Amino acid sequence: MADPGDKFDEVRRAWVAGHQGWSLIQRRRAEQLGRRVRARQRSTVAALPDPHDDTSLPPLILRAAKSPTSQVELVVVAILAVCVPLGWLAGVTIKSVLVNLIPGTLRSCPIAALLWSGVALGAPIVALYDPAPTFGQMVVVPWLCVQLAAAPVVAGVYGIAEGWLAIPGSDQWWPLTPAEPALSPEDAAEILGPYEITGPPVVEPRPLPDRGERMPRW
């Protein structure tokens, strides 16, 4: 039986590591997934992975002044935190709820559904909104509408960033986990083999002793 705590960690770690590029945020994600995989291996197998491999980059805020890459990522994160704070928080919550349904209800994160839901929410706002000449109507209302449209988009982006594209079904609208097929008596007999109805013998059979070849007497 699969470990319910294993959310395809090894497959996702390999995908994130292969697509991380220059991003230290993605490198940290791959390292964290690798630590979870090795921790699970230590609890189940005798050949333990080297614990010295369990290293991980510090969080973004602690490495911002040491790397140009981190500084670029910090600027991007700061802009998103100012523009879509509520949508970001809601998107992370949606992503966490969906991931907790894997693999019991869902077999993957529905990235396509999340991204297209953001488009479906954002397109009417852009096409139909006609603000009144007040500060609230021109700034506050559009800002709140952006939070609503950003929530599923953020959840979908997090799904991509965490490697769920490596799992089949992420491009479907609602990738449900297939129900386990019922085991019929015929299938059970094929798996377990025929039922032995012959009881054990009273005396254990033994091979006859080899007396050699009999020679005629002259």
How would the range 68-110 be classified by its alpha-carbon gyration tensor: rounded, prolate or oblate, with rounded meaning a/c under 1.5 and the a/b versus b/c comparison settling the rest? oblate
Provide W22, W116 in ascending order of the number of other Cβ atoms located within 10 Å of each residue's Cβ, fewest first. W22, W116
Cβ under 12 Å from I102's Cβ, I102 left aside: what net charge do those residues give with Lys, Arg +1 and Asp, Glu -1? +1
Counting only residues 5 or more apart in sequence or on a different chain, those whose built amide H sits under 5 Å from that of L106 are T177
Along the range 97-102, Karplus-curve 3J(HN,Hα) (6.51, -1.76, 1.60; θ = phi - 60°) to the nearest Hz, with x for Gly and Pro, reads 4, 5, 5, 5, 7, 9
May I ask you to sort K95, K7 by Cβ crowding, counting other Cβ atoms within 10 Å and putting the fewest first? K7, K95
In whole Hz, what ³J(HN,Hα) sequence does the range 28-43 give by Karplus (6.51, -1.76, 1.60; θ = phi - 60°), x for Gly and Pro? 5, 4, 5, 5, 5, 5, x, 5, 5, 5, 5, 5, 5, 5, 5, 7
Mind sorting V139, V37 by how few other Cβ atoms lie within 10 Å of their own Cβ, fewest first? V139, V37
Modelled label-to-label distance, V97 and M138, 7 Å Cα→beta-carbon offset: nm? 3.6 nm
Quick one: Cα centre-to-centre distance for the range 71-132 and the range 16-42, in angstrom? 23 Å
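Each reported figure results from applying straightforward, stated rules to the coordinates on display, with no laboratory input. Because the structure is predicted, anything quoted here is derived from the model rather than measured. Positions of Cβ are generated from backbone atoms using ideal geometry, with glycine treated the same way; all protein chains shown enter the neighbour counts.
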